[in-house]
Structure formats: structure tokens, C-alpha cells
Amino acid sequence: MMSWMHVIDIGHTAVMVPTAGAIAGWLVSGRAWKLALCWCLIFVAGLGLVALSKIAFLGWGLSVPPLGFKALSGHAWRTAAVLPVLFFVLLQGAPEIWRKRGFAFGVALSIGLGALLVVFRFHTTSEVLASLVLGVAAGRVFVRLSATLPAPRANRRAVAMSLLIFFVICSLRPSAINHRLVDVALYFSGRDQPYRWTSDANTCAARQPGVLHRASKMDLHSPG
């Protein structure tokens, strides 16, 4: 029986990055080169923004305590950016109304996953909301660009290429990048220990005097 944790894992880097790559592969196979490039730039820029927010907290403790905001949620942003675009692209040959409904369905799924992140206290409401808004905005930018750039041509190779890219990226283990955020934060901040994520939205253990930071790096990462 699939647990809620398996649903949350849909937003993991190991799933969403290969999916984003598969979308790019679909566009390239349809010879929509410019649209594929735009999608890659949008996705990479979003990932970079999420990473910077996490590094800013881990290295300098930058946060908004009144809102319980420490950093953007990668899970929420990735699902909000990728799932709507995925359904929009898959419904390429369908009437425009169905493409819009596909995009909206993707947004609804990402909102549901975001709610689970809050319920299980992986992220605060403010962190999830900000991430969802930015993710949906990224998807909307892609949709607007798709209306002005040449559309991909439907062909039988699209599915094969998309699946190939998906599995190739999976084999590269993109989730390993997450574990380097602490190293980057410590290098640029000059700190010996990073600020720590805690379940309390208004408390950072690194700011409490006398607290010893003995947790492993795995424990210092945001859940997503």
C-alpha cells in the first residue's frame, strides 16, 4: 500500500529532474529547439533560486521568523513547475481548452503535494506557498512562450527519446547534488557548522546559545 510519503517523493529531485529532462527531450524530438532551450533555462533558473535560498539559510541563517520562512521548498517548486508543463505538453494535439485543463490539473496536484509537506511538517505554510507560486509562474512563462514559438512536431520518436533521457538522468543520480548545498554554504559563509532545520517554524537551533551541532549533514538539509 502506497503511503503519503511515496506521494511526497514525487517532488524529489530524483523524479522531477528526469521528468523535466524528458519534457526537453520531447520538445527537441519535435524540433522545437527554441522552446526546449527556454524550458531548460526556466527550470535551471528555478532550481538555482531554490538552492540559493537554502544556501542563504544554511550559511547565514537568513530567514523571516515572523512567517516561519527559512527557504523555498524544492519539492513544492519542482512539482508546481514540472507537472503542469508535463500535462500541457502531453496534450499538445488536443484542443486548447484541454491543454489549459491539463495545466490546471498539474497545478492541483502540486497544491496537494504542497499541503502534504505542511501536514507532515517538512515545510511551513509560507515556504510552500512561496514555492508553489514561483513554480506555477515558471510554468506560465513556458506556456506563454509556447504561444509565440514554433510548436513541436508530433512524431513517434518523441516518446522513445523522452523515456531515454528520463532513465539516463536517473542513472546520473541528480539527487546527489542536494547533499552539496551544506558544503557550498559552509565554504562561502566561513562557518564551521551550518544553521539547522528544526520542526519549530520559529526556532533555529543554530541560534540558541550552548547548542552543540552534532547532526550529520543529512540531518541539516531541508526535506525538500
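The values are calculated or read from the model by the stated rules, or taken from the named source; none is laboratory data. Bear in mind the structure is a predicted one, so any value in this text is a computation, not a measurement. Using ideal geometry, Cβ is built from the backbone for each residue, glycine included, and neighbour counts are taken over all protein chains shown.
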Pick from the range 69-111 the residues that are out of contact with any Asp or Glu (no Cβ under 8 Å at 6 or more places or on another chain) and polar (S, T, N, Q): which of them is farthest from Arg121 (Cα to Cα)? Gln92
Before we move on, is Ser73 free of Cβ contacts under 8 Å to residues at least 40 places away in the same chain, buried (at least 20 other Cβ atoms within 10 Å of the Cβ) and within 18 Å of the chain's Cα centre (by Cα)? no
Test: Arg99 is among the basic types (Lys, Arg) and farther than 30 Å from Phe188 by Cα: yes
Neighbours by Cβ (under 9 Å, 6+ apart or cross-chain): first from the range 12-31, more than 23 Å from Gly93 (Cα to Cα) and touching a residue at least 24 places away in the same chain (Cβ under 8 Å); second basic (Lys, Arg) and in a helix (DSSP H, G or I): His12/Arg78; Thr13/Arg78; Met16/Arg78; Val17/Arg78
Looking at Ala45, Ala32, Ala76, Ala56 in this structure, which one is farther than 17 Å from Ala138 by Cα and modelled with pLDDT of 95 or more? Ala56
Looking only at residues in the range 95-114 that are buried (at least 19 other Cβ atoms within 10 Å of the Cβ) and without any contact (Cβ under 8 Å) to a residue 24 or more places away in the chain, which one is nearest to Ala81 (Cα to Cα)? Gly102
With criteria (1) surrounded by 14 or more Cβ atoms within 10 Å (Cβ to Cβ); (2) at pLDDT below 75; (3) farther than 25 Å from Gly68 by Cβ; (4) among the aliphatic types (A, V, I, L, M), Ala176 comes up short on (1)
Give the range 150-163 a look and list any residue that's crowded, with 16+ Cβ neighbours inside 10 Å and of a type outside the set (Gly, Ala, Ser), or say none. Pro152, Met161
Inside the range 58-174, counting only helices (runs of 4 or more DSSP H) that do not spill past its ends, which hold 3 or more residues that are among the small types (Gly, Ala, Ser) and closer than 17 Å to Asp9 by Cα? 74-90, 96-119
Tell me which residues, restricted to the range 183-211, are more than 13 Å from Ser63 (Cβ to Cβ) and either loosely packed, with under 15 Cβ neighbours inside 10 Å or at pLDDT below 50 (or both). Asp183, Tyr187, Phe188, Gly190, Asp192, Ser199, Gln208, Pro209, Gly210, Val211
